[in-house]
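The values are calculated or read from the model by the stated rules, or taken from the named source; none is laboratory data. Every value quoted in this text rests on a predicted model; they were computed, and no experiment measured them. No Cβ is skipped: glycine too gets one built from the backbone with ideal geometry, and neighbour counts run over all protein chains shown. For accessibility, only protein heavy atoms count, side chains too; no ligands or nucleic acids. Shrake-Rupley method; radii C 1.70, N 1.55, O 1.52, S 1.80 Å.
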Amino acid sequence: MGAEKKKTVLRSRGEIVAIAMICFLLTGSIWIKRTYGALLNATADWRLAGFLHNKRRLFLMEVCVPAVIFGLLIIAVDQLVTRRQLITQKLRRGILLLGWGVMLVIAVMESGFVPFIRFQLHLTQKQWYDENRVVVHAFGAIDGLAYTNSWEALKNSYANGYRVFECDMILTADQKLVACHDWNTGMQEGFSEENIPTREVFMNTKIYDKYTP
C-alpha cells in the first residue's frame, strides 16, 4: 500500500513538473513572438542569450509570473477534479495529455520555431552569392561609361559572365519607376531636378544620345 501511494505521489509530481514546463514554454513563446516578431529568426542562435539579457525584468513579469499563475490554476483545477472524483483517473490523464499536446503545438507555432528551422535549412543550401561574388553596379559600364543603367550596359555585363546586378531607380514626373541614378547626371539632354520627365519622355530619350533607357 505504501509503495503504491509513493508511486502515485511521484506520478503527480511528474505531472506538475510537466504542466509547469508546458506553461512556461507556451507563455514564453507567445511573449517572444509578440514582442520581437520576425526579428526572432535573426536572433534565435547563440546571440539570443545576450538579446534577452537586458529584458530580464520584462521577461520575469510577462512570462514567468503568468506561467506560474497559469500553471497553478491548472493544478488547482486538476486537484479539485481528482479529490471530488468527478472523472476517472484514466479520463483525467487523457485530458491532461490532450491539454499538454494542444499547448505544445500552440507554443511551437507561436515561437516561430518552424520558420526558423526552415531558414537554417535554407542557409545550409548553396546560395546565389556562393557562385556570384560580384554585384555589378548600375548594370555595369558600357564603352567606359558608368552609371548609365542602360539596356546595353546590362547586356554587356551579362555577356561578360556577370549574373547579379544593381540598378538605380527613381520616380518620374508621373510617379513611375525608371532606371536612372538622378536627374542631374546630364546623360539625357534637358533633364534636371527642375525638369523631371514623364516615363514616356524618359523612355524615348537616349542616354548619351545612343544608349537605351
So how much accessible area does LYS126 have, in Å² to the nearest 10, using a 1.4 Å probe?
150 Å²
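When the solvent-accessible surface of protein heavy atoms is calculated with a 1.4 angstrom probe, in what order do LEU80, LEU98, LEU145 fall, highest first? Walk me through the numbers on the way to the answer.
Details: LEU80 90, LEU98 120, LEU145 55 Å².
From most exposed to least exposed: LEU98, LEU80, LEU145.
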With unit charges on the beta carbons (Lys and Arg positive, Asp and Glu negative) and the dipole taken about the Cα centre of segment 115-188, which residue among HIS181, HIS137, THR124 sits farthest to the positive side?
THR124
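Taking the Cα centre of segment 110-195 as origin, work out the dipole magnitude from +1 charges on Lys and Arg Cβ and -1 charges on Asp and Glu Cβ, in debye rounded to 20.
Numbers: 6 positive and 12 negative charges, 124 e Å.
Here the size comes out at about 600 debye.
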Nonlocal amide H pairs with PHE165, under 5 Å, H built at 1.01 Å
VAL136
Round to the nearest 10 and report in Å² the accessible area of VAL65, as given by a 1.4 Å probe over the protein chains' heavy atoms.
60 Å²
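So what is the accessible area of segment 77-213 per residue, in Å², with the probe set to 1.4 Å? Intermediate values should be presented prior to the final figure.
On the way: 9430 Å² over 137 residues.
I get 69 Å² per residue for this part.
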